[in-house]
Every structure is written in C-alpha cells, then in structure tokens.
Amino acid sequence: MTKKEFVEDIATRGEYTKKEAEKIVNLFLETVEDNLEKGNSVGFVGWGKWEVVERAAREVRNPQTGKKMKIKAKKVVKFKVGKILEDKVKAAK
C-alpha cells in the first residue's frame, strides 16, 4: 500500500475529504519522526513500537569479491510488532 492509497483508505473509513485525511496522515508521520529524532520511542499497546537503537560498528565480507569491509556504528529505527497485531496477521488468510 502506498501513502496515497493509505490516505484514500483513511478518507473513506473516516468519512474525511482526501485533503483532511492527508493532513491527518502527515501529522501522524511527523509526530513519529519528531519523537524518534529526539530519541523517544513511540508505541501503541498491542500494535507495536518504534525505537531508535545504536547499531555497533562491524566488519563484513562482500559476498561477490570476498573483500572485508568495515561498517561504521549508526543509529537505526527498529519496529517491534505487538502481540495483538502479530496474532491478527498470523490468523489472516
């Protein structure tokens, strides 16, 4: 699902105009981004949690050339799915 399709789905389900739905989706995304930038986690009980984690520096091997490469430490966003959402996805056919 693309962002455009997501906005259209929100507009239909919530009986909003597409413009209102887009504003809601953008506000949600900006709020999540702002909190992650500040180092805060964002979670919804039963649904899931986004958090920023530090990935350690490490040495890897290029599978094509076999040459060793170093990857610097960096911050990444991690999402952990909640139990309710996990169960719904498992049950879906």
Give a residue-ordered list of calculated ³J(HN,Hα) values for region 52-61 (Karplus: 6.51 cos²θ - 1.76 cosθ + 1.60, θ = phi - 60°; whole Hz; x for Gly, Pro). 8, 10, 8, 8, 5, 5, 7, 10, 10, 10
As I understand it, the dipole of region 3-91 uses +1 on the Cβ of Lys and Arg and -1 on the Cβ of Asp and Glu, about the Cα centre. Which of Thr65, Gly14, Leu27 lies farthest toward its positive end? Thr65
Phi-based couplings in Hz for region 80-87 (Karplus 6.51, -1.76, 1.60; Gly and Pro marked x): 10, 6, x, 4, 4, 5, 4, 5
Rounded to one decimal in Å, the inverse mean reciprocal Cα-Cα distance for region 3-91, i.e. its Kirkwood radius, is 16.2 Å
By how many degrees, between 0 and 90 and to the nearest 10, does the Cα long axis of helix 3-14 differ from the longest principal axis of the chain? 30 degrees
Between Asp9 and Ala73, what is the FRET efficiency for a Förster distance of 30 Å, r being their Cβ-Cβ separation, to the nearest 0.05? 0.20
What list of ³J(HN,Hα) couplings, whole Hz, do you get for region 29-46 from phi and the Karplus terms 6.51, -1.76, 1.60, once you set θ to phi - 60° and write x for glycine and proline? 4, 5, 5, 4, 4, 4, 5, 5, 4, 7, x, 7, 8, 10, x, 10, 3, x
Dipole size in debye (nearest 20) for region 3-91 around its Cα centre, Lys and Arg Cβ +1, Asp and Glu Cβ -1? 860 debye
Computed over the chain: relative contact order in percent, which uses C-alpha pairs under 8 Å that are six or more apart: 21 percent
Cross-link partners of Lys18 among lysines (Cα-Cα below 29 Å; sequence separation of 8 or more within a chain): Lys3, Lys4, Lys49, Lys88
Report Rg (one decimal) and Dmax (nearest whole number) for region 1-50, counting Cα atoms only, units Å. 12.5, 34
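No value in this document is a laboratory result; all are computed from the given coordinates. Because the structure is predicted, anything quoted here is derived from the model rather than measured. Cβ atoms come from the backbone with ideal geometry, glycine included; neighbour counts cover every protein chain shown.
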